[in-house]
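Asks: Quick one: structure below, then a few questions.
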Amino acid sequence: MTTKTPILGLNRFEFNDTQSIDTQLASHIRRRHRTQGENSVLFYKQPIEMVSARGTWMTDSYGNRYLDMYNNVPSVGHSHPRVVEAMTQQALLLNTNTRYLFSVLENYSEALLETFPDDLSNIIFTCTGSESNDIALRMARMVTGKQGIIVTENAYHGNTSAVMEVSPSGHKRQQLPPYVKTIAAPDPRTLPMGISLAEKFAEDVRQAALSLESAGYGSAALLVDTIFSSDGVFADPVGFLAGAVEVIHQFGGVFIADEVQPGFGRTGSHYWCFQRHGIVPDIVTLGKPMGNGYPMSAVITRPDILATFNDETEYFNTFGGNPVAAAVGMSVLNVIKDEGLLENASRNGLYLREGLSCIARDCTSISAIRGAGLFNGVEFTCPEAGGPDTPLVQTTINRLRDEGVLIGAAGTFGNILKIRSPLCFSQEDADFFLDKLGRVLKGLRPT
Ligand code: PMP
């Protein structure tokens, strides 16, 4: 199967798939659909009613436990006691909008900005990754006076009207507007002879920028998820983004690094994935792991860009940067530091990839293993026909669920297992997962 699947269509429960759903679960699903509509996405052929979670493990309403190999939101671990404590204490004390002074927010802003290169010294608080990217697009257009945006073919950047326009993987039918140009994902296997990935990616940006220029839009920004998650997880070789950033600057545009997925140490070697490439973006957007589940996000940029934004528009966000968000965000930073989670992501990410390589030796369907730290992808290709093996990935995901492992898919055709556990992932967790994956794959394919 080589049809493109919208990102929310991957591993999605279809309601006519009711054959083996027990009555209690079926009635719960119906209740949800009555209020939220059938488009309210549930994972798995057999959806799960979740009741609790701690660390890397989750528990459903039947008491079954699952190793969470998917979730980069509760990044320092589900229901981390220090994060919960910080949230509770601040909520007991004060929670209000940001039109007052409270030092917890200044402390947090300074601590977070410390993790960025010096030039990126300003911050705006938001509540979701979509909101952050929406503001980043507005900033880019304001500072450049241009309209065009360049993104990758299967990018996802969020769900506001403006951000959906630059999220091809979120579309079922909608066409991209003429001022949005897509470029191929940075897949090292598609290179012409003698061309490096950095050169190919930069050239693709140049062609897109030329076409935006000749259409009269110009290039306001190159916007990429720095781990290219929805495109199928492309992390290497380190440094390949640098040429593309130079090109967008030559065309008068800015570079926006979407760190909503790989940020906060997930890739192990650095706090931010863009740092692996030795570049300094003009604008960085943050989200998901920032509050370990508390909805908070931010836009980080240079003072000159923030000044232009402030000249052009008022900005106020009722919930963004509230005292509870600040207290939670600070506790997340402290846990990352105190528990050595970057080192853990590097060490156990490597251990995981080594284990995956061992499985791949016996499984001819695995055509690539890639990633950095605890953000990894395993690609499945039909050994006979050569195309993406999406059905194998879908079956593997559902079998792993039955074996107590939660995992998702990525890529244009959904043929990449996306492995993205909380950062407190241990070697024992890795052994558990590798054992289950090895067994499931053995049961599904002749080795
Ligand atoms: N950017 C990327 C790369 C994402 O993956 C997502 C969400 N999946 C977003 C932005 C949007 O974040 P949110 O869902 O918090 O609006």
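Asks: Rank-order 34-41, 166-173, 288-295, 411-418 by packing density, defined as the average count of other C-beta atoms within 10 Å over each peptide's residues, highest first.
Replies: So the peptides 34-41, 166-173, 288-295, 411-418, ranked by packing, come out 411-418, 288-295, 166-173, 34-41.
Asks: Okay, next question. If you average over every viewing direction, what projected area does the convex hull of the Cα atoms of region 255-355 give, in nm²?
Replies: Result: a mean projected hull area of 7.7 nm².
Asks: Under unit Cβ charges (Lys, Arg +1; Asp, Glu -1), what dipole magnitude, rounded to 20 debye, does the chain have relative to its Cα centre?
Replies: For the chain, the charge dipole is close to 1140 debye.
Asks: Can I ask one more? With unit charges on the beta carbon (Lys/Arg positive, Asp/Glu negative), name the residue among 232, 245, 145 whose Cα is farthest towards the positive pole of the charge dipole of region 81-338.
Replies: Of 232, 245, 145, it is 232.
Asks: Can you give the accessible area per residue of the chain, in Å², using a 1.4 Å probe?
Replies: Value returned for the chain: 42 Å² of accessible area per residue.
Asks: Still on this structure, I have one more. Which percent, to the nearest 5, of DSSP beta bridges fully inside the chain are antiparallel?
Replies: 65
Asks: Additional query: So what is Rg over Rh here for region 81-338, counting just Cα atoms and using Kirkwood for Rh?
Replies: 0.98
Asks: Quick one: among 330, 58, 50, which has the greatest mean-square fluctuation in a GNM of the chain with alpha-carbon springs under 10 angstrom?
Replies: The residue that fluctuates most here is 50.
Asks: Please give the charge dipole size of region 240-323, origin at the Cα centre, charges +1 on K and R Cβ atoms and -1 on D and E Cβ atoms. Round to the nearest 20 debye.
Replies: Dipole size: approximately 460 debye.
Asks: Mean Kyte-Doolittle of at least 0.5 plus a Cα span of 20 Å or more along the axis: flag which DSSP H helices in the chain meet both, please.
Replies: Within the chain the helices that satisfy the rule are 323-338.
Asks: Choose one of 371, 427, 392: the residue whose Cα lies farthest towards the positive end of the charge dipole of the chain (beta-carbon charges +1 Lys, Arg; -1 Asp, Glu; about the Cα centre).
Replies: Positive-most Cα among the choices belongs to 392.
Asks: Quick one: putting +1 on the C-beta of Lys and Arg, -1 on the C-beta of Asp and Glu, what dipole do you get for region 81-338 around its Cα centre, in Debye to the nearest 20?
Replies: 520
Asks: A further question on this structure: Loop-only GluC sites (Glu not before Pro) in region 107-215, please: DSSP not H, G, I, E or B, and at most 12 other Cβ atoms within 10 Å.
Replies: 114
Asks: What's the ranking of 98-109, 249-260 by average number of surrounding C-beta atoms within 10 Å, highest first?
Replies: By packing density, highest mean first, the sequence is 249-260, 98-109.
Asks: With a 1.4 Å probe and all protein chains in place, put 426, 269 in order of accessible area, largest first.
Replies: 269, 426
Asks: Pick from 177, 422, 281 the residue whose mean-square fluctuation is largest in a GNM of the chain, springs joining Cα atoms under 10 Å.
Replies: 177
Asks: How many percent of the alpha carbon pairs in the chain exceed a separation of 38 Å?
Replies: Cα-Cα pairs in the chain separated by more than 38 Å: 21 percent.
Asks: If you don't mind, another one. Please identify, among 158, 386, 265, the residue showing maximal mean-square fluctuation in a Gaussian network model of the chain using a 10 angstrom Cα cutoff.
Replies: 386
Asks: Only helical DSSP H runs with n ≥ 4 go in: add -39500 (n - 2.57) per run for the chain, normalise by residue count and round the 222 nm mean residue ellipticity to 500 deg cm²/dmol.
Replies: Helix contribution divided over all residues of the chain: -11500 deg cm²/dmol.
Asks: In region 336-424, which GluC sites (Glu not before Pro) fall in coil by DSSP and have 10 or fewer other Cβ atoms within 10 Å?
Replies: The qualifying sites are 384.
The values are calculated or read from the model by the stated rules, or taken from the named source; none is laboratory data. These numbers were taken from a predicted model, which means no experiment stands behind them. Quick reminder, even Gly has a Cβ in these numbers, built from the backbone with ideal geometry, and neighbours come from all protein chains shown. When the accessible area is computed, the model is the full protein with side chains, heavy atoms only, and any ligands, DNA or RNA have been set aside. Shrake-Rupley method; radii C 1.70, N 1.55, O 1.52, S 1.80 Å.
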